[in-house]
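Peer 1: Input: one structure, supplied below.
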Amino acid sequence: MKFEEIISDLQNKIYRPVYFLMGEEAYFIDEITDYIAEHVLNEIEKEFNQTIVYGRDVDVATIIGYAKRFPMMANYQVVIVKEAQDVRNLTPDNKEKENKKDKSLIEAYFENPLKSTILVFCYKYKTIDRRKTYAKSIEKNGILFESKELYDNQLPSWIQNFLKKKNFTIRPEAAIMLSEYLGSDLGKISNELTKLAINVPEGTEITPLHIEQNIGISKDFNVFELQRAFGKKDIYKSYQIINYFAANLKENPNQKTIPILYSYFSKILLYHYAADKSKNSICSALGINPFFYPEYVSAAKNFNLKKSKQAISLLRKYDLMSKGVNNATIPDGELLKELVYQILH
């Protein structure tokens, strides 16, 4: 099941006896877990029927013991195992003889879970083998959910949908700005958006100015504007921004700026190689919002195939230099200025 489907079922009080939540993206795991912890039981029922344990502190037998208890004065009991990846022998893959007892306990429970228990495993940053018998038992009798990290080009849409649920809209360039500066950590992004929603009237269209005022990202001096200046071959604006970056390296480190520029020029390169340069085809191939299509068309004219390749080569070189490879003397700020000069000339 998808994340939205799981949340929808929970909102409709459709519960499963086992939720095995695994994968690299902690945000979706936390959201499902928090919803179960906050909404299945009322405050009085939680006192007797909600148990939260941590993987390093429990073993399989203890977890199963909790799960097999019957609820007191409630329809359900909730058992949540946080950091479940740290439970010794939780997944029965180890073939050591001493572990057979634990393995049989967990496998037997997954095959026949107690219907009045909602057992939640938060198995972060790892996955189990879906081909295994115990995994198939989870899928048959409960929920086996893999929380995958979003690709960079999916983040702006995720931001738009997150704000839509809170009755806000956001301009495409503002969503791009947020995704580029906050990275792919959905927990961090959601925290910033929640704070933004508190400070801005409901129903507002979020603009770069709102982001600058409430999150602290400059609407005029950011990587998004630097890309735009590159695309227009606006040398003056490019130098303005890069000088600002050089003076504010803590907020704009080279290790963050250079990969974003690399991604930008890689898309320009893809544009040159695309056989079909229609709007729909290019937006799909580059993973961009149609709003930005004209900018990439313009950028491709200013950076032909040869220039695009040169830019990517320079970005690779200076990325290594920013990490200390073949560079022991040039400060980060000067390194960034030198890179921009090389790309533009």
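Peer 1: Please count how many residues of region 32-47 are surrounded by 14 or more Cβ atoms within 10 Å (Cβ to Cβ) and either in a helix (DSSP H, G or I) or not assigned by TED's automatic domain parsing to the domain that holds Tyr19 (or both).
Peer 2: 7
Peer 1: Does Lys301 qualify as being within 25 Å of Asn254 (Cβ to Cβ) and either under 29 Å from the mean Cα position of the chain (by Cα) or in a helix (DSSP H, G or I) (or both)?
Peer 2: So Lys301 does not fit the description; no.
Peer 1: Scan region 259-303 residue by residue and report those that are in contact with a Gly (Cβ under 6 Å, 6 or more places away or on another chain) and either surrounded by 15 or more Cβ atoms within 10 Å (Cβ to Cβ) or assigned by TED's automatic domain parsing to the domain that holds Tyr181 (or both).
Peer 2: Of everything in region 259-303, those that are in contact with a Gly (Cβ under 6 Å, 6 or more places away or on another chain) and either surrounded by 15 or more Cβ atoms within 10 Å (Cβ to Cβ) or assigned by TED's automatic domain parsing to the domain that holds Tyr181 (or both) turn out to be Glu295, Ala299.
Peer 1: Can you confirm whether region 83-102 contains a residue that is in contact with a Cys (Cβ under 7 Å, 6 or more places away or on another chain) and at pLDDT 95 or above?
Peer 2: Within region 83-102, one or more residues are in contact with a Cys (Cβ under 7 Å, 6 or more places away or on another chain) and at pLDDT 95 or above.
Peer 1: Which ones in region 201-246 are within 22 Å of Leu182 (Cβ to Cβ) and among the hydroxyl-bearing types (Ser, Thr, Tyr)?
Peer 2: Thr204, Thr207, Ser218, Tyr244
Peer 1: With the checklist (1) loosely packed, with under 15 Cβ neighbours inside 10 Å; (2) in a helix (DSSP H, G or I) in hand, flag the one item Ala175 doesn't pass.
Peer 2: (1) is the only condition that Ala175 fails.
Peer 1: Only one of (1) in contact with a strand residue (DSSP E or B) (Cβ under 8 Å, 6 or more places away or on another chain); (2) outside any helix (DSSP H, G or I) fails for Phe28. Which number is that?
Peer 2: Of (1) in contact with a strand residue (DSSP E or B) (Cβ under 8 Å, 6 or more places away or on another chain); (2) outside any helix (DSSP H, G or I), only one is false for Phe28: (2).
Peer 1: In this structure, is Ser218 outside any loop (DSSP other than H, G, I, E, B), in contact with a Phe, Trp or Tyr (Cβ under 9 Å, 6 or more places away or on another chain) and not aliphatic (A, V, I, L, M)?
Peer 2: For Ser218, the condition - outside any loop (DSSP other than H, G, I, E, B), in contact with a Phe, Trp or Tyr (Cβ under 9 Å, 6 or more places away or on another chain) and not aliphatic (A, V, I, L, M) - is not met.
The values are calculated or read from the model by the stated rules, or taken from the named source; none is laboratory data. The structure displayed is predicted, hence computed values, not measured ones. Cβ atoms come from the backbone with ideal geometry, glycine included; neighbour counts cover every protein chain shown.
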